[in-house]
Structure formats: C-alpha cells, structure tokens
Amino acid sequence: MESKVNLKEQLRVENMPTKEGYFGEYGGKFLPAALESVIGEIAEAYDRIKDDPSFKEELMYLHQHYTGRPSPVFHAKNLSDELGGAQIYLKREDLNHTGAHKINHCLGEALLAKRMGKTKLIAETGAGQHGVALATAAALLGLECDIYMGEVDIKKEYPNVVRMRILGAKVIPATHGLKTLKEAVDAAFEAYLKDPVTQFYAIGSVVGPHPFPMMVRDFQSIIGIEAKAQFREMTGKLPDNLVACVGGGSNSIGLFSAFLHDESVNIFGVEPAGTSFKTGDHAATLSFGKPGMIHGFKCYLLQDEEGQPAPVNTIASGLDYPGVGPQHSYLKDINRVNYDTINDQEAIDAFIKLARLEGIIPALESAHAVAYAMKMAAGMPKDQTILVNLSGRGDKDIDYVVERFGKEFNISE
Amino acid sequence: MNRIAQLFKEKKNILSIYYTAGFPQLTDTLPILETLEKAGADLVEIGMPFSDPLADGPTIQQSGQTALKNGMTINLLFEQLADLRPQLSIPVILMGYFNPVHKFGMERFVEQCRKTGVDGVIIPDLPFDEYREKYEALFTQAGISNIFLITPQTPEERIKLIDKNSNGFIYMVSSASVTGTKKEISEQQTRYFKRINNMQLASPRLIGFGISDRASFQKACDYAAGAIVGSAFINLLNNEGNNPEKISDFIQSIKKTN
Ligand SMILES: Cc1ncc(COP(=O)(O)O)c(C=O)c1O
C-alpha cells in the first residue's frame, strides 16, 4: 500500500467521484444522446435534493420505523469457535424488511423519484432482492413498478417473483442472451428510453452511468456508519478485517466506505468463482476482467478479445454480472481493497454451516462473504476480528438449494 | 472532399439505410451494400454488432445477436470490406458501440477505415467531450467524419458545439426513444424538427429513428437533408434475405415522389 499521505489524498471523499462521475479513470457517462439528457435529469435532481433536511429526515424515519434499522451486529461465537481462529462478526442486513441491504437504496431512490414527480419505478433484478425491495418501496409510496428479470433467474428465484407480484409489481422477463442479470439491465434501459418522463430507473447496484454509482453508494453507506459505531461499542476497537461479497458492489461499498481511511482495517471484496476460473464459468470481474465500457460506465469488465461482454456464471444470481462498480475498480487499482474469489461449492458449504452453527440462513450471495471469512479466520489468532456484511437472508434460495444440493446435505425427501 | 461532404453538396432528400454487418448471413455484408447502391440508396450505415446496445430497439438488437452468433467481428468486417473501393462509390459509415472499438484500438480503427474507404463513423456512446479531447485530431487527420447524435432534449449550446465541430452531418434522433419503427411523426416531433431547422446550423442533418416508409421519409425531408431507415430495412432482410428485387422495390417505395 502507498504511504499514508498518499492514501488520504487518493481517497479524498470530495474527489469521489468528480463532478463528471469519475473515480480515477472509471465511471463517467458513456451514453447514447437519448439517455444522456434523461440520466442528467436524475443527477440534477439528486444534487438538489440529497442535502434537503426534510428528505434526509423522511428517509431516516423509514430506515428506523419501516426497515428496522439499525440492523444489529452479531458476534458469531459458535462459528468462530468451530474454526478456532479469528472472531467473526456479522452485520445483519439480512434482518432488514424485505431481507437484504437493497431496501436501503430503494427507499432513497423511490423518495427521490416521487419528489421528481415520477409515477413509475423500473429496474432490473438478478436474485430478485432488488426487485422485491423496489416493489416494496413503490407500494409504500404509491408508485407503479415494473421489474425486468432474466428468464433463467425467474425460474431460479421464483419465491421473489411471487413476492413482487403480491406487492403489485409487474415482472417482465428478459429473453435474450443468457437471460440473466446483464440482459435484465439491457431490457430495463430499453424500457426506460421508451418513457423517461413518467418512469424512474432505479438501478440495483453501484453500477451504470453517473450519478448511480455515487447515489446508490450514498444510500448504502449507512451500513458502514452504523457498523463502525456498533463494533466500537461491542469491542472498543475497529475491526481488523472487513469482508463483503461483490456483485455490482453496493452492499460492499456500503460497508467499506466508512472505513476506507482507517489504514489498520484490511478490506476484502469477494467475487464468485462459480465452477472454475475458465471464462464463462465465473463472474469474478475484478479478478479477471480488463477495463472496458458496459451499460454506460467504465469499469473492470469480463470481455472477450472483440470487446463483447463475456458470459458469466455463479450459483448466486445477484453476483452474476460481467461489470462491477467504478469505485471498486478504482479501489482495486490503488490497492486499498483486496479482491478475491469463492467458488460455488465453498459458498454452499458456508451456507449450510452458518445455518447449522448459528441458526442463520444467508443468501447465496452473502454466503460467498461468509465462506471467505471462514477461510481467513481459520489461520488467524483468536484476538483478530473479521466483520462480515451479511447482505441478505437465504429464504429466496431454499428451493434452488434443495434441488441442487439436497442429496449432498440430506435436506431433500 | 470526402464522399459524405460531396453527397450533401450535390443531393437533397437523401435516403440513408442502416443494416447490421453479418446479417442475416455472415457473408451478406458486401453483397447487400452492392444491392443498396444499385437500388438507389444514397448513403449506408453498417452496424457493428454489440451484445448490449443501449440505443437500439428489439429489431436491430436481434439482428446484432444473430450477427454475433454468425461470428461477426470488427476484424472480419474490415476483411469483408477490403474490395469496397473503387468497386462501389456510395458513402459508407460504420456504426457501433464504444467498447469493441476501444478494444480494437481507436487509432487502428481509424486507420482501417481510411484504408478500406469508409467515410464516417458513429459511436453513439462515445462522449462528445472525450472525442474532442482524445480522438478528434485522429479523425481529422485521416479525413474520416465522426457523426454525433442530438435529441429533442439536447441543450442548444451543445448542438451549436457539435455543429461547429462536425464534419459530415448531424444525426437527429427524432424522439427520446430507442430505434424501431413507429407509424407516424407526431406534432411534437415536427416542432422539434422546426426548432432545429430554425437554428441555421452549418452542418446538414439527417433524421433517424422511426422512419419507416414514404410518408415519414418525406416529412423528415421537409425539415432536414434526408432521413435514415433502419429497423424497417432489417425487417425486410429478416424476411427476404439479400433479395435484390425486394430491396430495390423497398428503396423505390420510399423515395418515390408524388
Ligand atoms: C443478498 C444480496 N447480496 C449481494 C448482492 C449483490 O449486489 P451488490 O454487490 O450490489 O451488493 C445481491 C444482489 O442481488 C443480494 O441480493
């Protein structure tokens, strides 16, 4: 890592991002003319509204009384004892209303949309968590909601599809390509362009053109702010290590952003290695990608020789994306965050282990972070600490887990 | 003078046709271009397929997916266009998204365009400021036009800046929408056409997105140097393939004056 002065300089919050939305060379706005003005309107509105005391108050009220914030930090003693190394703590975003961290930015985006006079929220979803959270926010605020979801994910995450429909949202299948998250984003952009006047595109992570990576990060940063205070209260210290899974990167940046300046804190982002490190078998963008442009922004991108996005694969639909947030791309380049991988089997093992040792069923996405923390903890002294962002609960995954791993774990009939 | 500038100097009511390279068959790219020149198209835009095209509607998107499946690449496209000149005289523009071009290398791309006799380039997601900062000199030196898009929401200031730095024409997106055939040109669109017309820009303009038949083409010609037909032509290719007779009929049906 660079010297102290240098790190502070590189992470200066006021430079993150620049006015044009750049984190170093990443981010920005690579958009066709028709989208440029539409998204510019969102940037302007966010700039105008974000510091308005009544907006902040309204959002904070919903965080507390609707979502149930602050979410607790839990010392996973059984798991830590079993591993015999570092102490693992869990930031319980799984306990939020709707079961994941996604509600944090959905409420923010929905309130913003409402203030802009929009009547319909649209978005893509992978695992369905963002879709459910947005459908929930839409129901609460009296807005319509269309969710675009890959046909493959619709089958895999069916319980969430039903939840969205119960909440009054329309779930529209994306039917081209691999029919997963990337294609759902394509479909959402396409729909957005058809009617940018009444619709608001509430993108599901810290990806897409400026201002989304900044705005979604700002809304998610409450995770880290809370966790830092909670952890200090419990232990009197800062955590030695942070671990979070990285799909687009919203739950991880939400946790990390409060600790970026704390040099004693080692930070780890975990990407899905799927079934192997071969192109097409994983979605480990920061580990294997090269800088490129997708969906209107520059980031590390899994792509082929021709600059076409590469196919991706993981058991966790919410991590199944060939791009990644621009701020993560920057944090990798300056070596502030270490990005590493966990494969399908390691994730499913951690999924079962956390359930059986702590009575907590994690989302398959979050299970990647848990698996990585378990690996790290085993080789560390007992007085070391690891704070894991448990980004969501695994209710949505149980059908899929039974079907694929039922025999292995003795949970099928 | 490059072929695009020549065309706009000499002709009115310009009909530009968009189609996707490597569609419906991989080897159709050049034969379709030949057919289009014979059939009387004035200008051609050849799409370089990208898997996630943010500005394109379902018709063009699907043609792109097919072309990618067929094995279309930028390298191959330049190979297919190796005998473009002097065999054909129609001005040719390549249109494609930034990432594949960036990966290919902008310098190499512009050089290949110059060598094969491609006259202009449209990269809809290349930011105008980034173009000016990094690439404008490259294009100017090679004599290749870089064409920018404007929409009803583009600020007047920006339009003037594009006009000043434009060599070729300005591509007017007829409404804030993805490509695709729409039936009629609305009142609102007409107001936009008039507004831009009244700006007295130096660059000629073509109107694109939603132009599909003679009526919409002629309406566009009332306010601009001509118009671009994309999805409607792709639909024809989808149904008929490279059928010279059908393509000729299609071009004539749009160009025919009352
Ligand atoms: C529970 C959970 N964790 C993580 C993610 C990955 O997204 P991100 O990297 O933006 O947090 C998802 C996405 O659907 C999710 O549902």
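Since every read-out is calculated from the coordinates, none of them should be taken as a lab result. Since we're looking at a predicted model, the values are computed, not measured. For neighbour counting, all protein chains shown are included, and Cβ atoms are generated from backbone atoms with ideal geometry for every residue, glycine included.
Observations on the model:
- Per residue of peptide A:303-313, the mean number of Cβ atoms on other chains within 10 Å of the residue Cβ is 5.
- Here the sum of -39500 (n - 2.57) over DSSP H runs of 4 or more residues, divided by the residues of chain A, equals -12500 deg cm²/dmol at 222 nm, to the nearest 500.
- The distance from the alpha carbon centre of the stretch A:289-304 to that of the stretch A:365-413 is 29 Å, rounded to a whole number.
- Counting Lys and Arg as +1 and Asp and Glu as -1 over every other residue whose Cβ lies under 15 Å from the Cβ of B:K103, the net charge comes to -3.
- Alpha-carbon centroids, the stretch A:191-267 and the stretch B:48-122: separation in whole Å: 38 Å
- Lysine-lysine proximity count for the stretch A:38-156, Cα under 18 Å, sequence distance 8 or more or distinct chains: 6
- Choice from A:A258, A:A316, A:A363 showing the highest fluctuation, given a GNM over chain A with Cα pairs closer than 10 Å: A:A258
- Lys, Arg +1 and Asp, Glu -1 on Cβ, resulting dipole of the stretch A:159-278 about Cα centre, debye, nearest 20: 420 debye
- The ranking of A:V152, A:V370 by Cβ neighbour count inside 10 Å, starting from the fewest, reads A:V152, A:V370.
- Annotation: the protein assembly as shown has a Kirkwood hydrodynamic radius of 26.1 angstrom, from the mean reciprocal C-alpha pair distance.
- Whichever lysines have a C-alpha closer than 28 Å to that of B:K115, once near sequence neighbours (fewer than 8 apart) are set aside: B:K9, B:K11, B:K38, B:K69, B:K103, B:K134, B:K164
- Where labels lie 7 Å past Cα in the beta-carbon direction, separation of B:K38 and A:K194 in nm: 3.9 nm
- Charge context of A:Q308, other residues only, Cβ under 14 angstrom, K/R +1, D/E -1: -2
- Taken as entire DSSP H runs, the helices of chain A that both span 24 Å or more between Cα atoms along their own long axis and average 0.0 or more on the Kyte-Doolittle scale are A:33-49.
- The mean number of partner chain beta-carbon atoms within 10 angstrom of a residue's beta-carbon across peptide A:183-194 is 4.
- Other residues whose C-beta falls under 11 angstrom from the C-beta of B:E10 contribute a net charge of +3, scoring Lys and Arg +1 and Asp and Glu -1.
- Counts of other chain beta carbons within 10 angstrom of each beta carbon in peptide B:116-125 average 2.
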